[in-house]
Structure formats: structure tokens, C-alpha cells
Amino acid sequence: MTPHDRLFIPGPVEVSAKTLAAFAQPMMGHRGPDFKELYARIQPRLQELFGTRQPVFLSTSSAWGVMEAALRNLVRRRVLCCMCGAFSDKWLDVARRCGKEAEALQVEWGNPIEAAALEARLAGGDFDAVTLIHNETSTGVMNPLAEICEVARKFPEVALIVDSVSSFSAMPIPMDSLGIDLLLTGSQKALALPPGFSLFSVSEKAFARAEQVADRGFYFDFLEFRKNAEGDMTPTTPSIGHIHALESQLDNFFAEGLANRYARHVRTNALVHEWVRTRGFDFFAPEGYRSVTLTCVKNNREIDVAGLMKNLCEKHHLVIDGGYGKIKGKTFRLSNMGDETEETVGHLLRCLDDCL
Ligand SMILES: *Cc1c(COP(=O)(O)O)cnc(C)c1O
């Protein structure tokens, strides 16, 4: 492959030559036997990754498509949005644009959502659903998923919607045992696939809810996905290249072993953390709530982040992120998700030293 700028931003991330080659295979008809075999072949491994016995659906959309779908399928009237950063904050706006009554459980950027606060809010209002981002990519905060799920399970009438876009496949997220009603992820983060595709799975409770909700539309109707999945198909013509690429990545994940894959993310993340500490930087997220897939570095040294990014790219063909939205320049983000190894992350850190 010709030299290119390698992405260490928290999505899209670097896609390997092997994955790109799988993506570029010849087309097949999406109602024919070859497609159905491909679809059926990847299901068991997807179910293992999701920790579910439910079918795993393939959506030709970026993650926001499924996030909007979650609201349209699962919210009759009222939703509570857990908000702790750019992606989770946006969910409130999207819910209102979908015509739903939406309320905020807001914490300051950099802080996690606390299970006790969620419990108090759920006890006080009749919500149809709650939205949660597991790993808030803008702030590098990983919310305490197990504790939050434990609280949510006390409210059986509330559907728990979890976005694991930037954590999925980098750590175990057992959907069924946690009691998650909708778990979704996008292709371009830890799965290290090209952008424009998402995966999600829906609990029986969520299907039952969707049956009661009008105006689900067509493209993202969960019941359409379920009906088509029974025949190993998607409701509409999918991005077939993504599904080939996904199969290729699943081959890699299971050859490496999921436990090894999770451990690799912990190790590469620890390398970044060590760099942050020894170079005199701070973390934007508090101890105990830091993402394992990306690090949001607080710019307490007040370096010229834009200048650093420019040098890193011009000199080393490496791309990092200069901070999201209102914390641009006050933070910068380094991703270790996807196919990255100690070698590639080590190289990034040496190049950062060179440019600082
Ligand atoms: C990247 C990201 C999204 C948005 O994904 P799109 O592919 O742009 O739709 C949503 N949630 C989280 C947590 C993300 O990191």
C-alpha cells in the first residue's frame, strides 16, 4: 500500500490492508445464497462478541442511524438521556428532533454518570427508555456500565439503550447478562473497519416495545430487521463490502482470541497512560473511569496542540485528535483501539516525544 497518514484519532481508525482487500471483493446479490451464507456464517461470532442469544443486526448507516432508530423504536413518549460529553449530550437534541419528550441527566464533561443519580431520576419519572454512552469518546470517560445496568434492571418498564461505539470488541460487554435492551456499535472504531456501517442487537423486551410504538418508519424498523434476519438477510441492500470486511476482522479476532484482544487493549492503553504521566500531562477523566480504548489528555502543559498535530503529520504521517468541541486545544486524544499493538502505539509515543 502507498504510504498514508495513519490515524490515531478515536475514529475512524487505521484499517489494515487485509481488511481493505476483504472490503474490495466483487459484489454479490443480497437476496442470493452466497450472501445468506455469509450472513449466517458471521452470526455466531457476532453473538459471542455481543454476549447475546439474540440476532445481531447489520445496519448500513453510521452509528447515529441506529441511535436515532433506538429512539424511534423504543420510546413511546419520554426518554432520559445520560449526558457526560459531546456524543451523549447530542442524544437529547436528537430525541427532541424525533418528537420525543427528552430529559437530561447531565454531569459536567470529564465526569462519569453515577448509578445512584440514575436511580433517583428513574424512580422519579415515568420514562420509556434511558440512553447511555458506555465510553464517552469526547472526554475519554468510561461509565460504570455494570453498576448502571444493575440500576436499570430495577425498572423493567424502562428500555436500556447502550451505545458502545468506541468500546465494543475492546472489552467484554455481555448484553444479555447485563440486561441491555439495545446494544449498538459502529464500524470505524474498535472494530477497525471503514466507516458507514453499524451493528446492533435488541432484547425481547425491546421487540415487544417496538410492537407498541407507532411511526417507527421503515429503514430502521427493528421488526423489519428481525423478519429479514430469519432468512439471513437485511431489510435493504446492505454495504456488502463492510460485511466481507467484518468477516475478515472476525477471523482475526477469534484467531487472536477475545481474551487476548481485550488484554492487548489494556496493555496499549497502559503504554499511553504511562506516557501521559511521565511527560507531565494530566488525564481529563478521573481515575477509575478512564477509557481503555482512547486517552483524553488534559493540556495542563499548555502546549500548542494544533502545532503538535501539524508536525506529527508532516514529519511522521501520524494523525492524532486535537480535542472535541468545547475542549478543543484544552485536551487532545490518542486512540489505541482496533488493530494497534504495543509496537504501533510505542511508535506513536516516540514520535510525539520527537515533536514536543
Ligand atoms: C463515533 C461515535 C458516535 C458516532 O458515530 P457516527 O459513525 O459518526 O454515527 C457515536 N457514539 C460514540 C460514543 C462515538 O464514539
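The values are calculated or read from the model by the stated rules, or taken from the named source; none is laboratory data. The model shown is predicted, which means the values in this text are computed figures rather than measured ones. A quick note on method: Cβ atoms are made from the backbone with ideal geometry, for glycine too, and the neighbour counts reach across all protein chains shown. Side chains are part of the model used for accessible areas, which takes the heavy atoms of the whole protein and leaves out ligands, DNA and RNA. Shrake-Rupley method; radii C 1.70, N 1.55, O 1.52, S 1.80 Å.
Only one residue in Gly125, Gly99, Gly110 is assigned by TED's automatic domain parsing to the domain that holds Arg226, crowded, with 17+ Cβ neighbours inside 10 Å and more than 21 Å from Leu178 (Cα to Cα), so which one is that?
Values: Gly125 fails: crowded, with 17+ Cβ neighbours inside 10 Å; Gly99 fails: crowded, with 17+ Cβ neighbours inside 10 Å.
One residue alone meets the criteria, Gly110.
Are any residues in segment 138-150 touching a helix residue (DSSP H, G or I) at 6+ places or on another chain (Cβ under 7 Å) and open to solvent by less than 10 Å² (accessible area, probe 1.4 Å), and if so, which ones?
Ser138, Ile148, Cys149
For Leu250, are the conditions met, namely being open to solvent by less than 50 Å² (accessible area, probe 1.4 Å) and assigned by TED's automatic domain parsing to the domain that holds Ser138? Full working, then the answer.
On the way: open to solvent by less than 50 Å² (accessible area, probe 1.4 Å): yes; assigned by TED's automatic domain parsing to the domain that holds Ser138: yes.
For Leu250, the condition - open to solvent by less than 50 Å² (accessible area, probe 1.4 Å) and assigned by TED's automatic domain parsing to the domain that holds Ser138 - is met.
Looking only at segment 152-173, which residues are over 19 Å from Glu103 (Cα atoms), assigned to a strand (DSSP E or B) and either away from the ligand (no atom under 12 Å from the Cβ) or of a type in the set (S, T, N, Q) (or both)?
Met171
For segment 275-296, enumerate the residues that are touching a residue at least 60 places away in the same chain (Cβ under 8 Å) and either in the same structural domain as Met142 (by TED's automatic domain parsing) or open to solvent by less than 70 Å² (accessible area, probe 1.4 Å) (or both). Give the derivation first.
Within segment 275-296, the first condition is being touching a residue at least 60 places away in the same chain (Cβ under 8 Å), and the residues that meet it are 275, 279, 283-286, 289-296.
Trp275, Phe283, Phe284, Ala285, Pro286, Arg290, Ser291, Val292, Thr293, Leu294, Thr295, Cys296 - these are the residues of segment 275-296 that are touching a residue at least 60 places away in the same chain (Cβ under 8 Å) and either in the same structural domain as Met142 (by TED's automatic domain parsing) or open to solvent by less than 70 Å² (accessible area, probe 1.4 Å) (or both).
Here are some residues: Pro235, Pro172. Which one is in contact (Cβ under 8 Å) with a residue 12 or more places away in the chain, within 30 Å of Ala17 (Cβ to Cβ) and open to solvent by 10 Å² or more (accessible area, probe 1.4 Å)? First the steps, then the outcome.
Details: Pro235 fails: within 30 Å of Ala17 (Cβ to Cβ).
After applying the criteria, what remains is Pro172.
Would you tally the residues in segment 8-55 being more than 16 Å from the ligand (Cβ to nearest atom), assigned to a loop (DSSP other than H, G, I, E, B) and closer than 30 Å to Val319 by Cα? Give the steps one after another, and end with the answer.
In the first step, residues of segment 8-55 are kept if they are more than 16 Å from the ligand (Cβ to nearest atom); the result is 16-55.
Filter again for assigned to a loop (DSSP other than H, G, I, E, B), leaving 16, 24-32, 51-55.
With the extra rule that they be closer than 30 Å to Val319 by Cα, the set shrinks to 16, 24-25.
Final tally of qualifying residues: 3.
Six or more apart or on different chains, Cβ under 7 Å: which pairs go from a residue in segment 88-101 that's part of a helix (DSSP H, G or I) to one that's open to solvent by 40 Å² or more (accessible area, probe 1.4 Å)? Could you list them?
Final answer for the pair search is Val94/Glu68.
Need the failing condition index for Asn143 against (1) over 29 Å from Ile327 (Cα atoms); (2) within 16 Å of the ligand (Cβ to nearest atom); (3) of a type outside the set (Val, Ile, Thr), just the number.
Unmet for Asn143, out of (1) over 29 Å from Ile327 (Cα atoms); (2) within 16 Å of the ligand (Cβ to nearest atom); (3) of a type outside the set (Val, Ile, Thr): (1).
With buried (at least 19 other Cβ atoms within 10 Å of the Cβ) and in contact with a His (Cβ under 6 Å, 6 or more places away or on another chain) as the only criterion, which of Phe197, Phe220 stands out? I'd like the intermediate steps shown before the answer.
Working: Phe220 fails: in contact with a His (Cβ under 6 Å, 6 or more places away or on another chain).
Unique residue meeting the criteria: Phe197.
Can you tell me which condition Ser62 does not meet? The list is (1) open to solvent by less than 60 Å² (accessible area, probe 1.4 Å); (2) over 17 Å from the mean Cα position of the chain (by Cα), and all the others hold.
The one condition Ser62 does not meet is (2).
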